[in-house]
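Here's the structure, in structure tokens; my notes come after.
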Amino acid sequence: MSSTTNWTDYLLACRWEVRTRRCVERFSNQDGTITSYLAASPRRHLAVGAESGVVNLYQDDFSRRSRKSVFSGGFGQVDRTPIKSIMNLQTSADMVRFNHDGQILAMSSRREKQGLKLLHVPTATVFSNWPTMKTPLNYVWSMDFSPNSQFFCVGNDKGKVLLYQLQHYKD
């Protein structure tokens with residue numbers, strides 16, 4: 001650990017630029033908890049899951065900010081205001097995933113039975129009709145969308161893989 005690093009650095013999320021292999025932006029969750037997962041959408045949104053269970057949805061405007069302000073001092077500390085803070089998970093947001101067109105955000109927690117929520121990104125509204133209490137999710141350990149979002153797959157702690165068809169994306 002270098003002399004310039006302190007314990008608050010561990011509460012910050014870092015966004016990397018692959019070309020330069022550098023942290024180009026650092027930001028923290030508004031509630032001060034540790035970031036547990038990040039996901040970027042093709043529609044210029046950024047979802048940040050926290051150990052508190054809160055998932056913050058941000059407008060991803062990195063390319064619109066001046067590179068000079070972001071790169072000052074090696075990396076920039078940026079104050080972001082979320083478009084929406086989703087507080088539907090009761091335990092750590094262990095995984096967040098956008099579908100192929102960025103209209104749906106899936107959020108899950110491994111520590112909570114039935115711990116999965118879907119968000120309609122354009123309206124920033126959590127789907128209330130799915131999953132239901134009768135959906136046999138158990139503890140969600142993995143999830144992903146098919147390339148064109150026709151299917152949504154959930155892997156659980158029982159070793160089962162559940163496959164759901166999304167009617168909106170049906171050919």
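The values are calculated or read from the model by the stated rules, or taken from the named source; none is laboratory data. Computed from a prediction, not measured in an experiment: that's the story for all the values here. Positions of Cβ are generated from backbone atoms using ideal geometry, with glycine treated the same way; all protein chains shown enter the neighbour counts.
Of (1) at pLDDT below 90; (2) charged (D, E, K, R); (3) part of a loop (DSSP other than H, G, I, E, B), Arg19 satisfies all except one. Which?
Just one mismatch for Arg19, condition (1).
If you check Tyr164, Tyr139, which single one turns out to be of a type in the set (Phe, Trp, Tyr) and more than 17 Å from Gly49 (Cβ to Cβ)?
Tyr164
Is it the case that some residue within region 150-164 is farther than 22 Å from Gly32 by Cβ, at pLDDT 95 or above and in contact with a helix residue (DSSP H, G or I) (Cβ under 8 Å, 6 or more places away or on another chain)?
The first filter runs over region 150-164 and keeps only residues farther than 22 Å from Gly32 by Cβ, leaving 150-164.
From the residues that got through so far, the ones that are at pLDDT 95 or above too are 150-164.
Now narrow it down to the ones that are in contact with a helix residue (DSSP H, G or I) (Cβ under 8 Å, 6 or more places away or on another chain): 150.
Yes: region 150-164 contains one or more residues that are farther than 22 Å from Gly32 by Cβ, at pLDDT 95 or above and in contact with a helix residue (DSSP H, G or I) (Cβ under 8 Å, 6 or more places away or on another chain).
Please pick out the residue among Val121, Val96, Val126 that is surrounded by fewer than 18 Cβ atoms within 10 Å (Cβ to Cβ), at pLDDT 95 or above, of a type in the set (A, V, I, L, M, F, W, C) and touching a Leu at 6+ places or on another chain (Cβ under 9 Å).
Numbers: Val121 fails: surrounded by fewer than 18 Cβ atoms within 10 Å (Cβ to Cβ); Val96 fails: surrounded by fewer than 18 Cβ atoms within 10 Å (Cβ to Cβ).
Only one candidate passes the filter, namely Val126.
Residues being surrounded by fewer than 16 Cβ atoms within 10 Å (Cβ to Cβ) and either farther than 18 Å from Thr81 by Cβ or among the charged types (D, E, K, R) (or both): count how many of those fall in region 24-43.
Number of matching residues: 4.
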